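The values are calculated or read from the model by the stated rules, or taken from the named source; none is laboratory data. Keep in mind the model is a prediction, meaning the values are calculated, not measured. Cβ atoms come from the backbone with ideal geometry, glycine included; neighbour counts cover every protein chain shown. Heavy atoms of the whole protein, side chains included, go into the accessibility calculation; ligands, DNA and RNA do not. Shrake-Rupley method; radii C 1.70, N 1.55, O 1.52, S 1.80 Å.
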Amino acid sequence: MRPLDRKLYRDLWHIRGQVAAIALVVACGVAAFVAMQSTYRSLIASQDSYYTEYRFADVFTHVKRAPESLKSRMMESPGVGVIETRVAADVILDVPGVEEPATGRLVSIPSDSAPVLNALHIEKGRYPELKDEVAVSGAFSRANNLNPGATLGAVINGRWQRLRIVGVALSPEFIYEIRGGDLFPDNRRFGVLWMNRDALGAAFNMEGAFNDLSVRLAPGGRETEVIERLDELLAPYGSLSAYGRADQASHFFLSNEIAELRVTGTFIPGVFLLVTAFLIHLVLSRLVNTEREQIGLLKAFGYSSREVGFHYLKLALVAVTGGILLGLGVGWYFGYQMTALYAEFFHFPVLRYETGWRILVWAVLISFGAASLGALGAVGRAVGLPPAEAMRPEPPARFRPGLVERAGFQRFLPVTLRMIVRNLERYPLKAALSALGMSLSVALLIVGFYFFDAINRVIEVQFGSVYREDALVAFNEPRSGRARFELERLPGVMNVETFRSVPVRLRFGSHMRRTGILGIEPDGELFRVVDKDFRVFRPPPEGLVLTTELAKSLGVTRGDELTVEVLEGERPVKQVMVVDTVDEMLGLSAYMDRRALNRLMREGETISGARLMVDERESARLYSLLKRTPSVSGVIIPGSTLQNFNDTISRTIGTSTTVIIVFACVIALGVIYNGARIALSERGRELASLRVLGFTQREVGVMLLGEQAVLTFVSVPLGYCIGLLLILLITRAVDTELIRLPLVVSGKTFALAFLIVVAAAAFSALLVGWRLRRLDLIAVLKTRE
């Protein structure tokens, strides 16, 4: 073994505690990178293969009723490759074991073959053939324990019918299975049912006609041209305007989740590895400083600057290698668990967990790169020291009275505290770097706990201030305002607030968005427009209120006029002023006074549904009646929506956040322990001298650890500021159309970060104190002689 390698092993053993701390920090960064990137890649790969194998469509549209003969004309349109016409409708379901009415999305499949587009993957049973047979979606089946042979009731086109389940299926059209207008899945109360085309067509009087259309583009086909041609051909048949895959509900939600995962999978590990680089630089630079004489001797005996530099670089790389190996294993495990969690909400026939070799190679390269970056300054110093200068002891520092002494406060301080203050004042850069390292660990803790604060704020706003009803009833067709009085007469209904919902296209200049306008009661209390800071917005008598994100995507501000193209009824096109914007956290929405929306539609007191306040004692009777009401297409229970929110966003974000917090705690311990251990190495001779001069072990310990305590408490407010800055960057990076995390940090988060850092400092003090008690005074005093 070469002499330098023997020295390397001795150095590693001497600073084994610091090396272990560095390895743990590296492991956290590598594990976070591998876990999040592997989950991201697994979702991307599963999505691509599923879409291709099961022929997911590119363009979709819905009409009132169009003749099947129109299909041949649409096939002649440039860019159209494959077209599949269908019959589709939402119906009320009576599901065994579910008290509330459930909603089913009935979709037809060809009577004599498998679907050409959006093909089904049959998990159990077979395709439906008879008129009372259906295949149900896998998530709906599992949530309600519905297997082939079970039955459920449905109101189909005003007629009660008993449906028999013959199969359980999955479709690329419903990877994220969600009811129209919802943001979170409710698999217990919403499901997709596939029925034979002849049977479903007959039930809705659609023989020889269709009301739903899917299109696969031909190679080289342009989506915008196909959409324009379809809208032109289908306009006489009540088309709601065609839309591309990006606006398809399931794809939209899945793409947003993948986008968030891509950001967090890059940003969070990047912060961890930045801390790694800083920590390695701190350790090596101080190690080089304490080994000046050894470096001089090595060069004097003929070792080149390159060999000496490579020796210290190897020390950093060896410390990092252990962390990489540990991080790869931990990252693979956490990535597998996260992918399994996503499989509960995104339904693929096969969701394979893939940790590709590229991810592993990048993890290794980034980690070694961070280590090399951190070691660069220290290695440069080692290489640049001439032998004669290195072998001479450093010249004594010239100290001057510090701020405390100039102010005359030193006479009020005991000797130990006076020495702590003097040492901090004499080495301000060293103290600042130590405090910065600790503050980064505080910042990571703030970021970790922030996600829980953001989720809690979303719940407080959306389910405490926005959705205040007990039930929402949606009609299958817009109805007269007199329906309000019919609802008021239902058992248990104590209050009714109506609403009007209209699908529209909003245009401003070259910008266009397909969305809906929700007309609400201006003085309503069961539903209110509330921003992330709990400010309530009342819709004015005229004009639109847009969410901030929707206004941004359209490029409009207050006072601008939008072109509103209504996509139902007489399809009016009007110019409407944007009177206000509201900074909501979920989705993209546009609001109007309900009566103003009725005037825009050139209709009377028409409503799309109502929100109800219900006497809990009568809820069972009410829901039983609604299950068999032909005019009702859906019932939404906010309490169930809250539960679904917790089961989706809270679990997915909560799981990854818990991992981040655990890693942040490890990093906090590693950073603080390294700082204390380095301080002991640097001041060993000084502390031993004080012991010989008569200072007690306790007094010497207070001098060393007291300095670390001061730096820890100084680092906390700095860490708070850095953490808030990181949160600001995260909220801007993870700013999707689905969810926008509010910039809110609770006092609990600050308190927890403080307590964890203090606990890490106390544990580090115990370890360093143990080494201090074992300090060999004679051996230490013999050094540097």
message: Could you report the accessible area of Glu76 in Å², rounded to 10, computed with a 1.4 Å probe on the protein chains as they sit in the structure?
response: 150
- request: Roll a 1.4 angstrom probe over the protein heavy atoms and tell me the percent of accessible area of the stretch 544-588 that is carbon or sulfur.
  value: 46
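Quick check on the stretch 1-151: what does the Kirkwood estimate of hydrodynamic radius come out to from the alpha carbon pairs, in Å? Could the numbers behind the result be given before it?
Numbers: mean 1/r = 0.0463 Å⁻¹.
Kirkwood radius, the stretch 1-151: 21.6 Å.
Grab the Cα-Cα distance for Trp770 and Arg484, subtract it from 0.36 nm times how many residues apart they are, and report the gain in nm with one decimal. Intermediate results must be reported in sequence, preceding the final value.
Numbers: separation 286, 0.36 × 286 = 102.96 nm, distance 7.63 nm.
Taking 0.36 nm per residue and subtracting the Cα distance, the gain is 95.3 nm.
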- prompt: Tell me, what is the per residue accessible area of the chain in Å², probe radius 1.4 Å?
  reply: 43
query: Per 10 Å bin, what percent of the C-alpha pairs of the stretch 486-571 does each bin hold, from zero upward?
result: 14, 40, 32, 11, 3, 0
Contact order relative to length of the chain, as percent, for alpha carbon pairs under 8 angstrom and 6 or more apart: 18
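What's the ranking of 217-227, 236-246, 322-332, 91-101 by average number of surrounding C-beta atoms within 10 Å, highest first?
Numbers: 217-227: 14.7, 236-246: 17.3, 322-332: 20.9, 91-101: 19.1.
Going from most to least packed, we get 322-332, 91-101, 236-246, 217-227.
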- request: Keeping all protein chains in position, work out how much accessible area Ile739 exposes to a 1.4 Å probe, and write it in Å² to the nearest 10.
  value: 10
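Using a 1.4 angstrom probe with every protein chain in place, what is the largest-first accessible-area order of Phe452, Phe140?
Details: Phe452 75, Phe140 0 Å².
From most accessible down to least: Phe452, Phe140.
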query: Taking the Cα centre of the chain as the origin and placing charges on Cβ (Lys, Arg +1; Asp, Glu -1), which of Ser434, Ile83, Val745 is farthest toward the positive end of the dipole?
result: Ser434
message: Number of Lys pairs in the chain with C-alpha atoms less than 29 angstrom apart, excluding same-chain neighbours closer than eight positions?
response: 19
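Taking only the Cα atoms of the stretch 148-228, how large is their convex hull per residue, in Å³?
Details: hull volume 13.8 nm³, N = 81.
Output value, Cα hull per residue: 171 Å³.
Let me check something: with ligands and nucleic acids excluded, how do Trp160, Trp770 order by accessible area (1.4 Å probe), largest to smallest?
So, going from the largest accessible area down, we get Trp770, Trp160.
Restricting things to alpha carbons, find the Rg to Rh ratio for the stretch 12-78 using the Kirkwood radius for Rh. It would help to have the intermediate numbers written out before the result.
Working: Rg = 26.7 Å, Rh = 17.6 Å.
On the Cα set of the stretch 12-78, Rg over Rh gives 1.52.
Against the globular-protein guess of 2.2 N^0.38 Å, express the Cα radius of gyration of the stretch 197-264 as a ratio, rounded to two decimals.
Working: Rg = 16.2 Å, N = 68, 2.2 N^0.38 = 10.9 Å.
Cα-based Rg divided by the globular estimate yields 1.49.
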message: Based on Cα coordinates alone, diagonalise the gyration tensor for the stretch 537-602, multiply each eigenvalue by 5, take square roots, and list the semi-axes in whole Å, largest first.
response: 19, 13, 11
- request: Take Tyr333, Tyr623, Tyr467 and sort them by solvent-accessible surface of the protein heavy atoms, 1.4 Å probe, largest at the top.
  value: Tyr333, Tyr467, Tyr623
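If you build the convex hull over the alpha carbons only and average its shadow over all orientations, what do you get for the stretch 118-165? Give it in nm² to one decimal. Walk me through the numbers before you get to the answer.
Values: hull surface 15.5 nm².
Across all orientations, the stretch 118-165 yields a mean hull projection of 3.9 nm².
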- prompt: Going from the alpha-carbon gyration tensor of the chain, what semi-axes, largest first and in whole Å, does one get by taking the root of 5 times each eigenvalue?
  reply: 65, 29, 23
field: Alpha carbon Rg of the stretch 516-668, scaled by the compact-globule rule 2.2 N^0.38 Å
entry: 1.34
- prompt: Measuring from a point 7 Å past the Cα of Ala20 along Cα-to-C-beta, which residues in the stretch 312-339 have an amide N at less than 16 Å?
  reply: 319-320, 322-323, 326
field: Computed label-point distance, nm, for sites Arg535 and Arg628 using a 7 Å Cα→Cβ extension
entry: 5.0
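Output the DSSP H helices from the chain with an along-axis C-alpha extent of no less than 27 Å and a mean Kyte-Doolittle hydropathy no less than -1.0.
Working: long enough: 16-53 (53 Å, 0.62); 249-290 (62 Å, 1.13); 305-343 (55 Å, 0.84); 357-384 (38 Å, 1.44); 428-461 (46 Å, 1.39); 651-692 (58 Å, 0.87); 697-733 (51 Å, 1.35); 747-773 (38 Å, 1.52).
Both cut-offs are met by 16-53, 249-290, 305-343, 357-384, 428-461, 651-692, 697-733, 747-773.
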- prompt: Quick one: which of 753-759, 510-516 comes out on top by average Cβ neighbours within 10 Å, and what's the full order, highest first?
  reply: 753-759, 510-516
field: Solvent-accessible surface (1.4 angstrom probe) belonging to Glu525, in square angstrom, nearest 10
entry: 80
query: For the chain, what is the calculated [θ] at 222 nm in deg cm²/dmol (nearest 500), taking -39500 (n - 2.57) for each run of four or more DSSP H residues and dividing by its residue count?
result: -17500 deg cm²/dmol
